[in-house]
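Just below is one structure, and these are the notes that go with it.
The values are calculated or read from the model by the stated rules, or taken from the named source; none is laboratory data. None of these values were measured; they are calculated from a predicted model. So basically every Cβ, Gly included, is an ideal-geometry build from the backbone, and we count neighbours across all protein chains shown.
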Amino acid sequence: MAVFRVEKTKDFTIMSNHHLRNTELSLKAKGLLSLMLSLPEDWDYTTKGLAHICKDGVDSITTALKELERHGYLTRQRLRYDNGQLGDIEYTIHEQPVSTENTGLSPKRENPRQVKPEQAKPKQAEPEQENPAQLNTNPLKTKKSKKDKSITYPSIYPAEPEAASRTDGMDRIELIEAYREIIKENIRI
C-alpha cells in the first residue's frame, strides 16, 4: 500500500502514538483523543464544544470521553464557584494513560460510614385553585323532562306471588306485547 505524506511546515500536530497503538481503545475514542490533542490548550473542552466541530453528537462524544477516562487518558474534575455552586467540568488530557490509583484522583467518599436516614412525614398541603381554566356556565339540569321519565310496567316474570296480582287483568301474552311496544318506542326516540 502506498502512503502519500505532505511536508509538515504548518497545520500539523505532534503527539505520541501510544493511544493509537492501544488495542483496548475503540476507533472513536482514539480519534477523539487525537482531535483533542490537536486543539489549542484554551479550547472549549465541553461535550457541546466538541460536538460543534465533530459529526458525532453530544451522546456519542460522552461515551468516548467515558471510555478515555476508564483507560486513564482523561481525568475530570468538577469545579465549584466561590458561592459553593457546582460549576463546569475541567478535563485534563493525557497522551499516555495515567493510573488513577497512583495519582490519588480516584473518587473517595467523604463520609465512609453509612447512617440510617430518618424519614420525615411531610404535611400535605391542600391544592389551591386560583383561576380555573374553564368556568361552567351551564349548571346541571336536575328536573327531568317528560321524555326523560321512564314508563314502568310490571315484569313479565313475576318474582313473587304478589307481583302476579299486579297485572291489572292482563295475561302473559298481553304483558309481552306491552313490553315489546315499550321497546319499540324507546328505539324510535
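Some points to look at:
- Candidate set from the stretch 4-48 (those that are of a type in the set (S, T, N, Q) and surrounded by fewer than 10 Cβ atoms within 10 Å (Cβ to Cβ)); member that is modelled with the highest pLDDT: Thr23
- Matching residues in the stretch 50-74 - criterion: being outside any helix (DSSP H, G or I) and out of contact with any helix residue (DSSP H, G or I) (no Cβ under 7 Å at 6 or more places or on another chain): Lys55, Asp56, His71
- Against the list (1) modelled with pLDDT of 90 or more; (2) under 31 Å from the mean Cα position of the chain (by Cα), the condition Ile53 fails is (1).
- Residue in the stretch 72-82 that is without any contact (Cβ under 8 Å) to a residue 60 or more places away in the chain, surrounded by 13 or more Cβ atoms within 10 Å (Cβ to Cβ), closer than 17 Å to Val98 by Cα and among the hydroxyl-bearing types (Ser, Thr, Tyr) present: yes
- Scanning the stretch 89-110 for residues being within 30 Å of the chain's Cα centre (by Cα) and modelled with pLDDT of 80 or more gives a total of 3.
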